[in-house]
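S.K.: Below is the structure I would like to discuss, written out as structure tokens.
The values are calculated or read from the model by the stated rules, or taken from the named source; none is laboratory data. Since the model is a prediction, treat every value here as computed from it, not as a measurement. When we count neighbours, we look across all protein chains shown, and the Cβ atoms used for this are built from the backbone with ideal geometry, even at glycine. Areas reflect the complete protein model, heavy atoms only, side chains present, ligands, DNA and RNA absent. Shrake-Rupley method; radii C 1.70, N 1.55, O 1.52, S 1.80 Å.
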Amino acid sequence: MRDGWSPDLLGAGFEQLTLPLALPGEHGQLVATLVRSLPHPLASWTAPLRDVDILYVHGWSDYFFQKELAQFWNRLGARFYALDLHRYGRSLRPGQIPGYADSLDEYDEDIELALEAMGQRGRMRRRVMLLGHSTGGLTLTLWAARNHGRVAALILNSPWLELQVGALARQAIAPLVAARARYQPRGQHPVVDLGFYTRAQTELGVIPTPEYQSEWRPPQGFPTHPGWFHAILVGHATIADGVDVGAPALVVLSARSTPPVRWLPEMTSTDSVLVDDEIARAALRIGPLVTVARIDGAIHDVFLSAPEPRASAYRVVADWAAGLPR
């Protein structure tokens, strides 16, 4: 162990750091966990992104396990960091409600501590690019809008910027959700995830891997609660009103969606979690300079898709990042 960093479960080249939070928890102290993968010092001298730090945040009912994603950024010369938010993945402790938060603002402390551990507290010393998937994309978008100008770029992988049923339905149910969240924030919701997204990844062979932890990423997701759902709807309403993340933004997502009502083979080549047309429209409300890339054949996590769409997504991201002003 050096400076608090210790070997990570992903194996050689990956280290983790526990970040204790001041935020009160119900069963002991809450923590976040930062994972890092650094490029080879010699190889990074001439790499195009040698002055860049990437901070990745996972989605709902998820954690960081995508070694290939880290290695992609390392090859470009960037230092890669991934954050398991409190009550998720490496940060989940016995007795805690997995993934629960009363507000997405809760994660500000996780993000600030991660940036400090990266040497980026206050004025950024290197270019920082935020990379968020699904709910992590929503969380980072809202954080960037509240912290205007602190990052060089925002990259979103199928970000959950709008509810699947659309804005009008969201507005109709929001008061009912808010009322229940006020009186029973940690009550139970019916299970709506039938496990099709997990099945699609299994059929594609991207899970399980030797290091994969299914208890941190259960096949049908974590149970959901009114307080958490209210936090999500507040985030969606904020995006719908329009925000400015203060940096160029790239949104990568699938070209098509499949409703998750019954298993269909096309779920291995479409998004079976979100409605991508809704996300593409919402993405235009996060700032004045937004690029939307629709990847044919991609699933919800674009970087866990079949080899061809995954390679297409990596090319799009690499070309876009290389073209950013320094």
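S.K.: Residue by residue through the range 303-326, note down the ones that are of a type outside the set (A, V, I, L, M) and outside any loop (DSSP other than H, G, I, E, B).
M.R.: PHE303, PRO307, GLU308, PRO309, ARG310, SER312, TYR314, ARG315, ASP319, TRP320
S.K.: Next up: Are any of the residues in the range 49-67 open to solvent by 10 Å² or more (accessible area, probe 1.4 Å) and modelled with pLDDT under 95?
M.R.: Yes, the range 49-67 has at least one match.
S.K.: Assess whether ALA237 counts as being open to solvent by 30 Å² or more (accessible area, probe 1.4 Å) and either modelled with pLDDT of 95 or more or under 17 Å from the mean Cα position of the chain (by Cα) (or both).
M.R.: yes
S.K.: Search the range 166-177 for residues being small (Gly, Ala, Ser) and open to solvent by 10 Å² or more (accessible area, probe 1.4 Å), and hand back the single one that is modelled with the lowest pLDDT.
M.R.: ALA167
S.K.: Step by step: first the residues of the range 2-48, then only those that are under 26 Å from LEU138 (Cα atoms), among the small types (Gly, Ala, Ser) and part of a loop (DSSP other than H, G, I, E, B), then the one that is least open to solvent (accessible area, probe 1.4 Å). Which residue is that?
M.R.: GLY25
S.K.: Something else: Hey, can you tell me all the residues within the range 249-302 that are open to solvent by less than 30 Å² (accessible area, probe 1.4 Å), closer than 17 Å to HIS236 by Cα and part of a loop (DSSP other than H, G, I, E, B)?
M.R.: If the condition is that a residue be open to solvent by less than 30 Å² (accessible area, probe 1.4 Å), closer than 17 Å to HIS236 by Cα and part of a loop (DSSP other than H, G, I, E, B), then LEU274, ILE286, GLY287 are the ones that fit.
S.K.: Right, next: Those residues that are within 18 Å of PRO260 (Cα to Cα) and of a type outside the set (S, T, N, Q), I need them from the range 170-202; list them, please.
M.R.: The answer is HIS189, PRO190, VAL191, VAL192, ASP193, LEU194, GLY195, PHE196, TYR197, ARG199, ALA200.
S.K.: Also, quick follow-up: Restricting attention to the range 216-257, which residues are acidic (Asp, Glu) and over 17 Å from TRP160 (Cα atoms)?
M.R.: The answer is none; no residue qualifies.
S.K.: Then there's this: With the requirement that a residue be touching a residue at least 12 places away in the same chain (Cβ under 8 Å), closer than 15 Å to LEU154 by Cβ and not β-branched (Val, Ile, Thr), what does the range 311-326 give you?
M.R.: Passing the criteria: TRP320, ALA321, LEU324.
S.K.: Being of a type in the set (Val, Ile, Thr), over 21 Å from LEU104 (Cβ atoms) and open to solvent by 30 Å² or more (accessible area, probe 1.4 Å), is that true of even one residue in the range 205-222?
M.R.: The answer is yes, given that some residue of the range 205-222 is of a type in the set (Val, Ile, Thr), over 21 Å from LEU104 (Cβ atoms) and open to solvent by 30 Å² or more (accessible area, probe 1.4 Å).
S.K.: Would you mind stating whether SER269 is more than 19 Å from the chain's Cα centre (by Cα), closer than 25 Å to ARG50 by Cα, of a type in the set (Ser, Thr, Tyr) and modelled with pLDDT of 95 or more?
M.R.: Here the answer is no, as SER269 does not meet what is asked.
S.K.: How many residues does the range 20-66 hold that are charged (D, E, K, R) and free of Cβ contacts under 8 Å to residues at least 24 places away in the same chain?
M.R.: 0
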